[in-house]
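Structure, as structure tokens:
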Amino acid sequence: MIFKDKFFLVTQMNLTAKSPILPLTTDLQHAVDRFTPPSPLGFGSVMAPIMAKADYSDGHWSHVELKAYQPLTLDPACKSLHYGQQIFEGMKAYALADGRGALFRPLLNLRRLNESAARMAMPELPEALFMQALESLVYHLQPLIPRGRDESLYLRPLMLATDTGLSLKPATKYTFLVIASPSGAYFSSSKVTALIERQDCRAAPGGTGAYKVAGNYGAAIRADIKAARLGCQQTLWLDAVQKTYVEEFSGMNFFALVDGELWTPPLSDTILGGITRDCVMQIAGTMDIGVKEAPIHINDLIAAIKSGHCLELFACGTAAVVSPVHALAEQDGTVYDLPSLKPVDSISLKLRNYLIAVQTGEKAGPGDWLCPVSSN
Ligand code: COI
């Protein structure tokens, strides 16, 4: 059962033939050798000194190139700046005990990137190109993969329209990039409170909410600022039509542990089909924890928290992994606290530790998820 509804009909995907790792020039190798990570690392705040790039024009993708990390030159009339043809993915590489870097379920990211591309009338990216870009970067950046607690090499594939002109038409030129950021934990706060957003909406039926489109994230920022002003670290989004059903956090999927069972909203055209969401559901299966994918009325959730039936909430996503959410809050200052659990009693921490153990190669996962990168 992976992305089991029409929005993400993906089963285990297998790699086709492997493309060779691209070589590094001496200059790029020096740039990698000279890189000194800041301390603390933070999340996504420092970029690795090399990136991968390919360009699309005349209906074809160029070969991938490894380049020095550098600013892009964009025409001010470039279509992505005006009409938002911009999509991205979030991925992580961890360092394995044998020194290799490993990607994690990368073909699901490719699948989702191409779903996003189709929704935004952008060109499909071939598997060989995507994998060569990622594997080459992870191979050469392996010494920069941080190994501390909650640390990894965060990878950000992205595609944007680059051709010029203000008429509202699909672009004919695009750039695909992968940048990498040695990163620590996404949440800097040890206690996360999510503000229930009852005015704005993140995604409407028929819109782009199920895809990793840059504008979805931009549209969430105002609510995140409001949340921060109220002392919250996250936004909890409700459905756009009735404003009553829980959808997701900003950039992360939602889970609640109610009466020993995990509740999560079913995927729809307003909820992103998270790869971590799928991992959590499969891992829960191995731990004999039931998962209920059903609409969650916000009032039922609040009642379950108040009555003690709901013991845990967590956000999950590539960046956040599995991050406990300790309270929900309303704009009027009402707070619904979850009980403080001992770490050994926390299901979210068990799921998180299990997932990280699979990602770092310490434990086999329920599927063939790890994709170690080597030169042959
Ligand atoms: C990720 O989890 O990789 C995302 O892209 C979400 C973003 C808000 C960091």
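The values are calculated or read from the model by the stated rules, or taken from the named source; none is laboratory data. Values in this document were obtained by computation on a predicted structure and should not be read as measured data. Methodologically, a virtual Cβ is constructed for each residue, glycine included, from the backbone with ideal geometry; neighbour enumeration extends over all protein chains shown. In case anyone asks, the SASA skips ligands and DNA or RNA and just uses the protein heavy atoms, side chains included. Shrake-Rupley method; radii C 1.70, N 1.55, O 1.52, S 1.80 Å.
Apply the a/c threshold of 1.5 to the C-alpha gyration tensor of region 49-108 and tell me whether it is rounded, prolate or oblate.
Details: a/c = 2.18, a/b = 1.99, b/c = 1.09.
Judged from the Cα gyration tensor, region 49-108 comes out prolate (a/c at least 1.5, a/b above b/c).
On the first, second and third principal axes, largest extent first, how far apart are the outermost C-alpha atoms of region 147-226 in Å?
47, 38, 20
Apply the Karplus curve 6.51 cos²θ - 1.76 cosθ + 1.60, θ = phi - 60°, to the phi angles in region 182-192 and return the couplings in whole Hz, x for Gly and Pro.
x, 9, x, 4, 5, 8, 8, 8, 7, 10, 10
Would any residue of region 283-320 have its amide N under 14 Å from a label point 7 Å out along Cα→Cβ of residue 244? List them or say none.
Answer for this model: 295-302.
Quick one: putting +1 on the C-beta of Lys and Arg, -1 on the C-beta of Asp and Glu, what dipole do you get for region 105-255 around its Cα centre, in Debye to the nearest 20?
Values: 17 positive and 13 negative charges, 58 e Å.
Value, rounded to 20: 280 debye.
Kirkwood hydrodynamic radius (Cα pairs, Å) of the chain? It would help to have the intermediate numbers written out before the result.
Details: mean 1/r = 0.0466 Å⁻¹.
Averaging 1/r across every pair of different Cα atoms and inverting gives 21.5 Å.
Sketch the reach of a paramagnetic label on residue 24 as a point 7 Å from Cα along Cα-to-Cβ, and name the residues of region 65-99 whose backbone nitrogen lies under 20 Å away.
The answer is 65-71, 92-99.
Any idea what the relative contact order of region 249-315 is, in percent, if you count C-alpha pairs under 8 Å spaced at least 6 apart? Walk me through the intermediate numbers first.
Values: 77 pairs, mean separation 32.7, N = 67.
Relative contact order comes out at 49 percent.
Which value, in debye to the nearest 20, gives the size of the charge dipole of region 193-359 about its Cα centre, when Lys and Arg are +1 and Asp and Glu are -1 at the Cβ? Don't jump to the answer; show the numbers that get you there.
Details: 13 positive and 18 negative charges, 82 e Å.
Once rounded to the nearest 20, the dipole reads 400 debye.
In nanometres, what is the gap between the two model label sites at residue 293 and residue 334, each 7 Å from Cα along Cα-to-Cβ?
3.1 nm
What number, in percent, do you get for the relative contact order of region 193-359 if the mean sequence gap of Cα pairs under 8 Å and at least 6 apart is divided by its residue count? Each step should come with its number before you reach the end.
On the way: 312 pairs, mean separation 39.1, N = 167.
Answer for region 193-359 is 23 percent.
Okay, which of region 64-95 sit inside 11 Å, backbone N to the point 7 Å along the Cα-Cβ direction of residue 119?
Backbone N within reach: 87-88.
Give me the number: length gained by fully extending residue 67 to residue 32, i.e. 0.36 nm times residue separation minus the C-alpha to C-alpha distance, one decimal in nm. Can you show the working numbers first?
Numbers: separation 35, 0.36 × 35 = 12.60 nm, distance 1.14 nm.
Contour length minus Cα-Cα distance gives 11.5 nm.
Taking 4 °C and 1.567 mPa s as the conditions, I'd like the Stokes-Einstein D for region 255-316 in µm²/s, using the Kirkwood hydrodynamic radius from alpha carbon pairs.
Values: Rh = 12.1 Å.
Result for D is 107 µm²/s.
In Å², and per residue, what accessible area does region 250-332 have when probed at 1.4 Å with the other protein chains present?
Working: 2500 Å² over 83 residues.
Ligands and nucleic acids excluded, the result is 30 Å² per residue.
Please compute the per residue accessible area over region 5-185 with all protein chains in place, 1.4 Å probe, rounded to a whole number of Å². Please report the intermediate quantities before stating the final value.
Values: 8420 Å² over 181 residues.
That works out to 47 Å² per residue.
Quick one: net charge around residue 198, please, counting Lys, Arg +1 and Asp, Glu -1 for every other residue with C-beta under 12 Å from its C-beta. Mind dumping the intermediate values first?
Details: positive: 226, 243; negative: 197, 200, 239, 330, 332.
In short, -3.
Go through 53/226; 243/342; 212/363; 67/226; 169/212; 226/363 and tell me which ones have a Cα-Cα distance over 31 Å in this structure. Provide the component values of the computation, followed by the final result.
Working: 53/226 36 Å; 243/342 34 Å; 212/363 29 Å; 67/226 39 Å; 169/212 20 Å; 226/363 40 Å.
Violating the 31 Å limit, Cα to Cα: 53/226; 243/342; 67/226; 226/363.
Extending each Cα 7 Å along its Cβ direction at residue 341 and residue 164, get the distance between those two points in nm, one decimal.
5.7 nm
Measure nothing fancy, just the Cα-based angle from helix 275-286's long axis to the longest principal axis of the chain, in degrees from 0 to 90, nearest 10.
Relative to the chain, helix 275-286 is tipped by roughly 60 degrees.
Treat every Asp and Glu Cβ in the chain as -1 and every Lys and Arg Cβ as +1, leave all other atoms uncharged, and give the resulting dipole magnitude about the Cα centre to the nearest 20 debye. Before the final figure, lay out each step's value.
Working: 33 positive and 36 negative charges, 73 e Å.
Roughly 360 debye, rounded to the nearest 20.
If you roll a 1.4 Å probe over region 92-229 with all protein chains in place, what percent of the accessible area is carbon or sulfur?
Details: 2890 of 5310 Å².
That fraction is 54 percent.
What are the extents of the Cα atoms of region 53-147 along their three principal axes, listed from largest to smallest and rounded to whole Å?
The Cα atoms of region 53-147 stretch 46, 27, 22 Å along their principal axes.
Working with all protein chains in place, sort 288, 224, 259 by solvent-accessible area computed with a 1.4 Å probe, largest first. Spell out each step's value before the answer.
Working: 288 140, 224 55, 259 110 Å².
The most accessible residue leads, giving 288, 259, 224.
Restricting to bridges with both residues inside region 193-359, how much of the DSSP beta-bridge set is antiparallel, in percent to the nearest 5? Could the numbers behind the result be given before it?
Details: 22 of 32 bridges.
About 70 percent, rounded to the nearest 5.
Amide H to amide H, which residues 5 or more places from residue 271 or on other chains are under 5 Å from it, using H placed in the peptide plane?
210
Anyone know which of 143, 76, 37 comes out most mobile in the 10 Å Cα GNM of the chain?
76
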